[in-house]
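The values are calculated or read from the model by the stated rules, or taken from the named source; none is laboratory data. Because the structure is predicted, anything quoted here is derived from the model rather than measured. Please note: Cβ atoms are built from the backbone with ideal geometry, for glycine as well, and neighbour counts cover all protein chains shown.
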């Protein structure tokens with residue numbers, strides 16, 4: 001066995017996505033160059049390919065935020081304990097997750113400092129100082145940072161990392177109407193980023209009171225479904241009303257000269273989406289990256305012998321240079337590995353397009369392009385290669401989104417009875433059971449206790465279907481249409 005073959009077998013994915021989803025995902029994480037484990041349990045290192053995805057999505061969201069009037073700020077990662085305790089419901093929701101700093105060197109601190117699980121408390125102390133009049137509103141801020149939540153024993157890379165990256169938006173308004181109008185605006189930004197960059201469809205809706213963010217009046221989310229039949233929460237938005245403004249004294253003088261408390265929102269998009277992207281698009285060969293977020297969009301692999309090496313390499317270099325003007329191209333001119341090994345390696349790393357070029361191709365005035373999403377091969381004329389690569393990359397992204405949307409649709413099942421609901425949840429392939437719900441905590445808890453599923457959200461576009469529907473659990477009149485699923 002050659003060294004190249006040994007390395008190929010060592011790097012390759014041996015678990016089947018359809019047979020052992022958990023092991024398959026673990027191998028994807030371990031064997032690709034996306035993220036890496038560190039000595040900190042639940043703490044990941046983002047390698048260049050993985051961090052490029054995050055940077056690209058971050059920049060897209062950040063640009064859209066700025067277009068709608070949201071500006072970036074930054075606050076300390078350490079939060080004094082007395083601040084964290086100011087809003088009771090909020091601190092109770094995060095208490096099990098908080099990591100504390102108690103010493104500086106050998107000196108014990110006078111007050112414990114929480115490592116940021118979220119920034120409401122440290123930010124709102126300042127907001128109370130900054131806001132005096134209706135003229136200071138709206139205040140629409142956002143920060144890009146990392147947070148730490150230490151609440152679980154078995155972290156899952158990207159999906160349940162103890163430290164993760166996100167945006168946390170914090171906005172303040174003079175009226176409830178202004179604050180509530182922001183919800184659709186922010187969710188639209190997130191849906192755009194998901195679709196146009198990560199090729200991820202999702203279901204937008206309202207969370208139940210049981211599932212809402214600690215301290216919020218109402219929470220909203222975009223939910224995904226991954227191939228093992230489990231749901232996973234994506235970006236979210238929280239209407240906080242006046243809960244935090246009353247706790248932190250965020251008051252202003254209104255136009256009538258009267259004092260009143262402000263209305264607030266919070267919202268977030270995290271690196272959990274990268275794990276969702278991997279789960280939904282990737283396959284038994286390795287990663288499949290949507291073209292907009294791939295650090296290398298097109299890899300050029302020359303195929304040569306000792307006799308034609310100089311000619312082929314010259315053409316390959318020229319081709320890569322041409323492509324580099326319109327796409328992110330990379331020339332794999334290493335001589336340590338065979339073309340076959342390179343093919344497998346670039347498939348493992350998820351590069352959207354591979355171009356193979358050899359002596360026969362050069363003489364014929366063409367190259368061979370191979371799509372990562374379908375493994376289809378096609379001949380592309382050298383004269384038109386730039387335009388064709390752009391078209392193919394667009395087709396790949398569209399296909400990934402279409403394929404994921406089809407999976408979501410086909411695995412969202414209407415359930416009119418409790419037996420139908422349980423059949424979906426407990427079935428081999430899992431999925432989402434969309435059912436009528438009376439709104440009672442008892443029915444919500446019964447489903448969770450008996451099936452392990454929860455209400456992921458109440459989809460916006462399904463609420464018009466409540467007419468004539470009964471609660472699938474108790475049979476009473478349905479007030480909502482809810483999506484039930486097992487969830488990460």
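Points worth noting:
- The stretch 434-469 - residue that is in contact with a strand residue (DSSP E or B) (Cβ under 6 Å, 6 or more places away or on another chain) and either farther than 20 Å from residue 209 by Cβ or free of Cβ contacts under 8 Å to residues at least 12 places away in the same chain (or both) and, of those, surrounded by the most Cβ atoms within 10 Å (Cβ to Cβ): 469
- Qualifying residue in the stretch 288-309 (condition: part of a helix (DSSP H, G or I) and over 30 Å from residue 273 (Cα atoms)): yes
- Residue within the stretch 56-70 that is more than 22 Å from residue 266 (Cα to Cα) and modelled with pLDDT of 95 or more present: yes
- Of all residues in the stretch 470-488 being surrounded by fewer than 18 Cβ atoms within 10 Å (Cβ to Cβ) and farther than 21 Å from residue 226 by Cα, the one that is nearest to the chain's Cα centre (by Cα): 479
- Test: residue in the stretch 155-166 that is within 18 Å of residue 73 (Cα to Cα) and touching a residue at least 12 places away in the same chain (Cβ under 8 Å): yes
- Filter result for residue 92 (touching a strand residue (DSSP E or B) at 6+ places or on another chain (Cβ under 6 Å) and more than 19 Å from residue 146 (Cα to Cα)): no
- Test: residue in the stretch 446-464 that is in a loop (DSSP other than H, G, I, E, B) and over 22 Å from residue 195 (Cα atoms): yes
- Subset of the stretch 297-311 that is surrounded by fewer than 21 Cβ atoms within 10 Å (Cβ to Cβ) and in contact with a strand residue (DSSP E or B) (Cβ under 7 Å, 6 or more places away or on another chain) - its residue that is nearest to residue 51 (Cα to Cα): 303
- Screening the stretch 17-128 for strands (runs of 3 or more DSSP E) wholly inside it with 1 or more residues that are in contact (Cβ under 8 Å) with a residue 40 or more places away in the chain and not assigned by TED's automatic domain parsing to the domain that holds residue 195 returns no ranges.
- Residue match in the stretch 241-255 (condition: in contact with a strand residue (DSSP E or B) (Cβ under 8 Å, 6 or more places away or on another chain) and under 17 Å from residue 412 (Cβ atoms)): no
- Yes/no for residue 150 being surrounded by fewer than 21 Cβ atoms within 10 Å (Cβ to Cβ), closer than 30 Å to residue 27 by Cα and touching a residue at least 40 places away in the same chain (Cβ under 8 Å): yes
- Residue count for the stretch 30-65 under the criterion of being more than 27 Å from residue 187 (Cα to Cα) and surrounded by fewer than 18 Cβ atoms within 10 Å (Cβ to Cβ): the result is 13.
- The set of residues from the stretch 371-391 being touching a strand residue (DSSP E or B) at 6+ places or on another chain (Cβ under 6 Å) and either without any contact (Cβ under 8 Å) to a residue 60 or more places away in the chain or more than 30 Å from residue 315 (Cβ to Cβ) (or both) comprises 377, 378, 379, 380, 381, 388.
Results for (1) surrounded by fewer than 23 Cβ atoms within 10 Å (Cβ to Cβ); (2) more than 12 Å from residue 266 (Cα to Cα), shown as yes or no for each residue.
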residue: 217; (1), (2): yes, no
residue: 224; (1), (2): no, yes
residue: 228; (1), (2): yes, yes
residue: 236; (1), (2): no, no
residue: 240; (1), (2): no, no
residue: 244; (1), (2): no, no
residue: 247; (1), (2): yes, yes
residue: 253; (1), (2): yes, yes
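- Tally, over the stretch 330-346, of residues that are under 22 Å from residue 393 (Cα atoms) and touching a residue at least 60 places away in the same chain (Cβ under 8 Å): 2
- Any hit, the stretch 176-196, residues being assigned to a loop (DSSP other than H, G, I, E, B) and at pLDDT 95 or above: no
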